[in-house]
Amino acid sequence: MKSNKQIINDVLLDAAAQDKNIVVLFSDSRGSASMNSFAEKFPAQVVEVGIAEQNLVSIAAGLASCGKKSFAVSPAAFLSARSMEQVKVDVAYSNTNVKLIGISGGISYGGIGATHHATNDIAAMASIHGLRVYFPSDNFLTEKLIRALLKDDLPAYVRVGRNPVENIYRGDENFQLDKAMTICDGSDVTIISCGELVQNAVAASEILRGKNISARVIDMYCLKPLDKEIIIKAARETKKIITVEEHSPFGGLGSMIAQVTAANYPTKVLNLSLPDAPVIPGEPDEVFKYYGLDAAGIADSAEKFLGGN
Amino acid sequence: MNLKRKACEIRKVIVEMIYRAQFGHVGGALSATEILVDLYYKQMNVAPEKVSDPDRDRFILSKGHAVEALYAVLADRNFIPREDLLTYSQFGSPYMCHPTNKIVGIEMNTGSLGHGLSVGVGMALAAKMDKKIFRVYVVLGDGEMAEGSVWEAITAGGHYKLDNLTAIVDRNRLQMSGSTEDVMTQDSQEIRWAAFGWNVISIDGNDLDAVDAAITLAKKTSGKPTVVIANTIKGKGVSFMENRAEWHHKVPNAEQFKIAMAELEAAL
């Protein structure tokens, strides 16, 4: 089992051998990013900036303006907040080919604490004009996504977690950039998730199936541009929608989806998220369980939601 | 070419642009005029037909609010049509009060202070990686030196020994609220930059020969980046604007405009 950040390392290792313009920038983060092997193999394609996330992003933009394909890699908590203005001005506004890789996002750092949690990065990054936002769920999707992003010259923010993840996909699924993935079909309710909580959503759908509740599960790895069609279709076909995200309750997946349903096909949307408070210390699984974001918690919320009006 | 005369002409365009639009940052545009004139007419390898040339020199106006000086120079050097300047600060015009790279000849969007030098570090690193000989010039304001991110960039420039990078600090000693020394001490710029591994050249930044000699010296310096501390006069060239903090972004009235233009004309 590998973490999604390890997959990013593997894809870039592979791609950099053919493309000398790929440059990876670190803010003393190569070890945290599981990218030591990239740094060792391609030292001439690495820029270390030290613990200076603002500089990280602006330097990445300067390199990109000279034809480099910059990957700025830093913990999501710092990349999405400390350097937000550099992302806004030097990456989005100046339109430079910078891929912002937010590692150890959400609550992956667990007990290290709230300073290191990135729980508002959807709200922050998606609100920047022209910036695409992606939260891949497993290794397969991470690989497909990074390979697709290597082919374009537009900015994007990608958040991955810190820990190894189970495979959700078999590996032969059809991937199309900016089209959400339907993992399993269902007719009673749709659970839409993103990032590493997708696996809990899938497990929740299995619990629900045992209770004769048919739950569709959608992997909305593409938060911006959001795949609106698949949301409207789900609203039409399954009546109720549950969103599950490793993010604050504001400005994240739930808010975005409710905005689409409200305008196109008003539907009840239940948003399961982290609280509007510093997250309780603990390992991710313990934290998810505490907030009802584990499979049992999601299934339980779904049952109650479907039981009501 | 008589660059002293050119600087006077550029100043006239700056004052006219700001008077017409009734908006702009006149003081800092006038203080930086010699710096831009020397770079654009003498030192930099840039030209309208080379705006996409990978080997062109790169210029970043980190103190983006002095954009009127940049527009004036770009128009005079035919990067942009002179008549475009009439749209400066007008609804829908790309000629905003801070630079954007939608305009031919402008590399990066600036305006929020504290970004330009970091971007310049990235460009200089790209040149080193590709073994290109282009040079990178970044003009900063002295008030801007209070931004912490500038010091991240200075640290990186020194660390990577970017001798293809030249920073120029427009040291006019005034910012919006008054003296830089009262707002947030910026003295001993020379010592500060030197401590971070930069080659430091301190000059009269409104003396074209001094600016030119400093840039020439920067080009000849290897193994470290150069900073030119350009000691300038805010509002230079217009007697009642010189060394007056309120002319950071005050707009001349009809009478003041007449006097300013007459003074600049007389200096030609």
*Look through A:SER74, A:SER70, A:SER127 and report the one residue that is closer than 27 Å to B:GLU107 by Cα and at the interface with chain B (Cβ under 10 Å from one of its Cβ atoms).*
A:SER70
_Unmet requirement for B:ILE201, which otherwise passes all of (1) within 26 Å of B:VAL26 (Cβ to Cβ); (2) part of a strand (DSSP E or B)_ = (1)
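Which residues, counting only those in segment B:1-57, are aromatic (Phe, Trp, Tyr) and touching a Cys at 6+ places or on another chain (Cβ under 9 Å)?
Matches in segment B:1-57: B:PHE23 only.
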*What number goes with the only condition from (1) touching a His at 6+ places or on another chain (Cβ under 8 Å); (2) farther than 25 Å from B:ALA29 by Cβ that B:GLN175 does not pass?*
(2)
*Could you tell me whether any residue of segment B:124-146 is out of contact with any Gly (no Cβ under 6 Å at 6 or more places or on another chain), more than 10 Å from chain A (Cβ to nearest Cβ), surrounded by 22 or more Cβ atoms within 10 Å (Cβ to Cβ) and among the hydroxyl-bearing types (Ser, Thr, Tyr)?*
yes
*For segment A:76-108, how many residues meet the condition of being in contact (Cβ under 8 Å) with a residue 40 or more places away in the chain and surrounded by fewer than 24 Cβ atoms within 10 Å (Cβ to Cβ)?*
7
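Condition check ((1) surrounded by fewer than 16 Cβ atoms within 10 Å (Cβ to Cβ); (2) closer than 23 Å to B:GLU34 by Cβ; (3) touching a Cys at 6+ places or on another chain (Cβ under 8 Å)) across all residues:
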| site | (1), (2), (3) |
| --- | --- |
| B:LEU174 | no, yes, no |
| B:GLN186 | no, yes, no |
| B:ILE191 | yes, no, no |
| B:PHE196 | no, no, no |
*asked:* Can you tell me which of (1) buried (at least 19 other Cβ atoms within 10 Å of the Cβ); (2) within 14 Å of chain A (Cβ to nearest Cβ) is the one B:PHE79 doesn't meet?
replied: (2)
*Restricting the search to segment B:36-57, which residues are more than 18 Å from B:ASP170 (Cα to Cα) and not aliphatic (A, V, I, L, M)?*
B:TYR41, B:LYS42, B:ASN45, B:PRO48, B:GLU49, B:LYS50, B:SER52, B:ASP53, B:PRO54, B:ASP55, B:ARG56, B:ASP57
*Would you point out the residue of segment A:77-111, among those that are more than 7 Å from chain B (Cβ to nearest Cβ) and charged (D, E, K, R), that is nearest to A:VAL11 (Cα to Cα)?*
A:LYS99
*Given the conditions (1) part of a helix (DSSP H, G or I); (2) in contact (Cβ under 8 Å) with a residue 60 or more places away in the chain, and given that B:LEU117 satisfies all but one, which numbered condition is not satisfied?*
(2)
_Failed item in (1) away from chain B (no Cβ under 14 Å); (2) in a strand (DSSP E or B); (3) closer than 20 Å to B:ALA156 by Cβ, with A:VAL133 passing the rest_ = (3)
*Just name the residue that is nearest to A:LEU79 (Cα to Cα) out of those in segment A:147-174 that are under 15 Å from the mean Cα position of the chain (by Cα) and among the charged types (D, E, K, R).*
A:ARG159
*So which of B:THR87, B:THR100, B:THR155 ends up being more than 13 Å from chain A (Cβ to nearest Cβ), surrounded by fewer than 19 Cβ atoms within 10 Å (Cβ to Cβ) and more than 15 Å from B:ASP170 (Cβ to Cβ)?*
B:THR87
*Where in segment A:8-124 are there helices (runs of 4 or more DSSP H), lying wholly inside it, with at least 1 residues that are aliphatic (A, V, I, L, M) and closer than 30 Å to A:TYR290 by Cα?*
A:76-79
*Can you name the number of the only condition in (1) part of a loop (DSSP other than H, G, I, E, B); (2) closer than 22 Å to B:LYS250 by Cα that B:ILE80 fails?*
(2)
*asked:* Give me the residue from segment B:108-120 that is within 7 Å of another protein chain (Cβ to nearest Cβ) and either small (Gly, Ala, Ser) or surrounded by fewer than 24 Cβ atoms within 10 Å (Cβ to Cβ) (or both) and, out of that set, nearest to B:GLU152 (Cα to Cα).
replied: B:SER118
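Go through segment B:167-198 and give me each residue that's part of a strand (DSSP E or B), under 16 Å from the mean Cα position of the chain (by Cα) and farther than 22 Å from B:ARG58 by Cβ. Write out each step before concluding.
First, pick out the residues of segment B:167-198 that are part of a strand (DSSP E or B): B:167-171, B:174-175, B:178-179.
Remaining after also requiring under 16 Å from the mean Cα position of the chain (by Cα): B:167-171, B:174-175.
Across segment B:167-198, the qualifying residues are B:ARG171, B:LEU174, B:GLN175.
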*On the given criteria, is A:LYS41 modelled with pLDDT of 95 or more, surrounded by fewer than 17 Cβ atoms within 10 Å (Cβ to Cβ) and more than 14 Å from chain B (Cβ to nearest Cβ)?*
yes
*Qualifying positions in segment A:246-269 - over 11 Å from A:ASN120 (Cα atoms), of a type outside the set (S, T, N, Q) and surrounded by fewer than 20 Cβ atoms within 10 Å (Cβ to Cβ)*: A:ALA258, A:ALA262, A:ALA263, A:TYR265, A:PRO266, A:LYS268
_helices (runs of 4 or more DSSP H) within segment A:202-309 that include 1 or more residues more than 23 Å from the chain's Cα centre (by Cα) and not β-branched (Val, Ile, Thr)_ = A:228-238, A:253-264, A:295-307
*asked:* Pairs needed: first member in segment A:259-277, of a type in the set (Val, Ile, Thr); second member anywhere, in a loop (DSSP other than H, G, I, E, B); C-beta distance under 6 Å; at least 6 residues apart or different chains.
replied: A:THR261/A:THR267
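The values are calculated or read from the model by the stated rules, or taken from the named source; none is laboratory data. All of these numbers come straight from a predicted model, not from anything done at the bench. Heads up, the Cβs are rebuilt from the backbone with ideal geometry, glycines too, and the neighbour counts pull from every protein chain shown.
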